[in-house]
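Asker: Pasting a structure below so you can have a look.
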Amino acid sequence: TMQNYQAPESLLQGKTILVTGAGDGIGRVAAITYAAHGATVILTGRTVEKLEKVYDEIEQAGGPQPAIYPIDFNGAIDDDYQQLANIIDSNFGQLDGVLHNAAQLGQMGPIESSHTGTWMQLMQVNVNAPYLLTRHLMPLLRAADNASIIFTSSSVGRQGRAYWGAYAASKFAIEGLMQTLADELENVSNIRSNSLNPGATNTAMRRLAYPSERPTNNPSPEQLMPCYLYLMGNDSLAVNGQALDAQKK
Ligand code: NDP
């Protein structure tokens, strides 16, 4: 199964992969893991110091030299994404994968008492940013031998749950974006698009959402990496339009 996938060490050799939210949590570990399997990783996120730490870790481990591109998805506009695509094109001339990982939890609570501004902001980061990034990166991805786009979902992106508000709606939107894109890509291109629900994972976001939980009861991001590797590497070439789970239910 995907959860038991054993990636060859050279799985991502020669590939250039962009990871959003690469400074912390699952994105951080995914970036480090991709680099350890040979990928040149473009680290994006909003806190530069965190990205620099990940950069150093990859360099110290002897991985291909990564790149840092700070971007705050809350304020970024269309032109910022075009600029990012231009910089990737001129610096690397290629892009073979995107892990849309960055997201915010937002304000939990009933829809009835939610704040409009908070809702809008969360949609900006969790939905509009992955949309804009994908659209502007498509020309680069089309030019790749093959490319993988991974959207990050959640169990509340597949079944709504009380008090998960904008976050749940944003993850449903991500599934819709993934499915629509995957259907457009079916049989006509070298690009695949899937969503991955990491499941309960010991990160800052999870601790915020479940303050009473014992953090170490949940798997660490490292434990999910077989799925993240499988979907990014060439062993998943035939997988498109799937909503997948990194943990067995
Ligand atoms: P974390 O909160 O640990 O990390 C989220 C990352 O996203 C951080 O690097 C953060 O940057 C970045 N980010 C947040 N807001 C912005 C923004 N406005 N612009 C740019 N970057 C931003 O979360 P997880 O690692 O737990 O979550 C990763 C993904 O997995 C998310 O999509 C989440 O919804 C999903 N997920 C997580 C689960 C879990 O149990 N952990 C369960 C189900 C889904 P910074 O550090 O600078 O704030």
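A short reminder: the numbers here are calculations on the coordinates, not readings from a lab. Every value quoted in this text rests on a predicted model; they were computed, and no experiment measured them. Every residue, glycine as well, gets a Cβ built from its backbone with ideal geometry; the counts of neighbours run over all protein chains shown.
Asker: Tell me the angle of helix 165-185 to the major Cα principal axis of the chain, expressed in degrees between 0 and 90 and rounded to the nearest ten.
Answerer: So the helix axis and the longest Cα principal axis differ by about 30 degrees.
Asker: How high is the relative contact order of the chain, in percent, with contacts defined as C-alpha pairs under 8 Å that are six or more residues apart? Show your work: numbers first, answer last.
Answerer: Numbers: 476 pairs, mean separation 51.3, N = 249.
Contact order relative to length: 21 percent.
Asker: Mind checking the full-extension length gain between Tyr163 and Leu237? Use 0.36 nm per residue of separation minus the Cα-Cα distance, one decimal, nm. Display every interim value, and only then the final one.
Answerer: Numbers: separation 74, 0.36 × 74 = 26.64 nm, distance 3.71 nm.
Here the answer is 22.9 nm.
Asker: If you wrap the stretch 140-189's Cα atoms in a convex hull and average its projection over all directions, what's the area in nm²? Please report the intermediate quantities before stating the final value.
Answerer: On the way: hull surface 15.9 nm².
Quarter of the Cα hull surface area: 4.0 nm².
Asker: Over the stretch 4-128, what is the relative contact order in percent, taking alpha-carbon pairs closer than 8 angstrom and at least six residues apart? Can you show the working numbers first?
Answerer: Working: 196 pairs, mean separation 32.2, N = 125.
That works out to 26 percent.
Asker: As an exercise, take the mean of 1/r over every pair of distinct alpha carbons in the stretch 87-216, invert it, and state the Kirkwood radius in angstroms. Show your work: numbers first, answer last.
Answerer: Values: mean 1/r = 0.0627 Å⁻¹.
Evaluated over the stretch 87-216, this radius sits at 15.9 Å.
Asker: Could you list Ile174, Ile71 in order of exposure, starting from the residue whose Cβ has the fewest other Cβ atoms within 10 Å? Mind showing how you got there, number by number?
Answerer: Working: Ile174 23, Ile71 18.
Least crowded to most crowded, the residues run Ile71, Ile174.
Asker: What three numbers, in Å, describe the spread of the alpha carbons of the chain along their principal axes, ordered from the longest?
Answerer: Cα extents, longest axis first: 48, 38, 38 Å.
Asker: Arrange the following residues from fewest to most other Cβ atoms within 10 Å of their Cβ: Lys53, Lys249. Don't skip to the end; give the middle numbers.
Answerer: Details: Lys53 15, Lys249 6.
Lowest to highest Cβ neighbour count: Lys249, Lys53.
Asker: With the dipole of the chain worked out from charges on the C-beta (+1 for Lys and Arg, -1 for Asp and Glu) around the Cα centre, which of Tyr81, Tyr55, Gln242 lies farthest toward the positive end?
Answerer: Gln242
Asker: Arranged by the count of other C-beta atoms within 10 angstrom, fewest first, what order do Tyr69, Tyr163, Tyr230, Tyr81 take? Provide the component values of the computation, followed by the final result.
Answerer: On the way: Tyr69 17, Tyr163 14, Tyr230 24, Tyr81 20.
With the fewest neighbours first, Tyr69, Tyr163, Tyr230, Tyr81 line up as Tyr163, Tyr69, Tyr81, Tyr230.
Asker: Still on this model: Output the 0 to 90 degree angle, nearest 10, between the alpha-carbon long axis of helix 78-91 and the longest principal axis computed from the alpha carbons of the chain.
Answerer: Between the helix axis and the principal axis of the chain, the angle is about 30 degrees.
Asker: I would also like to ask the following. How large are Rg and Dmax for the stretch 184-249 when calculated on the C-alpha trace, in angstrom?
Answerer: For the stretch 184-249, the Cα radius of gyration and maximum Cα-Cα distance read 14.8, 48 Å.
Asker: While we're looking at this one, here's another question. So for the stretch 1-65, taking the charge dipole from beta-carbon charges (+1 Lys/Arg, -1 Asp/Glu), which of Gly14, Ile42, Gln3 sits furthest toward the positive end?
Answerer: Value computed over the given set: Gln3.
Asker: Express the relative contact order of the stretch 147-249 as a whole percentage, based on alpha carbon pairs under 8 Å and six or more residues apart in sequence. Don't jump to the answer; show the numbers that get you there.
Answerer: Values: 147 pairs, mean separation 34.2, N = 103.
Dividing the mean separation by the residue count of the stretch 147-249 yields 33 percent.
Asker: Also, I was wondering about something else. Could you please tell me the mean projected area of the C-alpha convex hull for the stretch 50-146, averaged over all directions and given in square nanometres to one decimal? Don't skip to the end; give the middle numbers.
Answerer: On the way: hull surface 31.5 nm².
It is 7.9 nm².
Asker: Still on this structure: Where nothing but the Cβ of Lys and Arg (+1) and of Asp and Glu (-1) is charged, how large is the charge dipole of the stretch 36-132 around its Cα centre, in debye to the nearest 20?
Answerer: Values: 3 positive and 12 negative charges, 41 e Å.
For this selection, approximately 200 debye.
Asker: Turning to a different aspect of this structure: State the dimensionless ratio Rg/Rh of the stretch 1-42 (Rg: radius of gyration of Cα atoms; Rh: Kirkwood radius).
Answerer: Working: Rg = 10.5 Å, Rh = 10.6 Å.
My calculation of the ratio gives 0.99.
Asker: For the Cα atoms of the chain, what angle does the longest principal axis make with the long axis of helix 48-60, in degrees from 0 to 90, nearest 10?
Answerer: For 48-60 against the chain, the angle is about 40 degrees.
Asker: Per-residue counts of other Cβ atoms within 10 Å, averaged by peptide: what ranking do you get for 26-34, 201-209, 4-12, highest first? Mind showing how you got there, number by number?
Answerer: On the way: 26-34: 26.6, 201-209: 16.4, 4-12: 14.7.
Top to bottom by mean Cβ count within 10 Å: 26-34, 201-209, 4-12.
Asker: Now for a separate question. Among 236-242, 56-62, 194-200, 210-216, how do they line up by average Cβ neighbours within 10 Å per residue, starting with the highest?
Answerer: 194-200, 236-242, 56-62, 210-216
Asker: Per residue of the chain, what 222 nm ellipticity follows from adding -39500 (n - 2.57) for every DSSP H run with n ≥ 4, rounded to the nearest 500? Please report the intermediate quantities before stating the final value.
Answerer: Numbers: 8 runs with 97 residues, N = 249.
Helix-only estimate at 222 nm: -12000 deg cm²/dmol.
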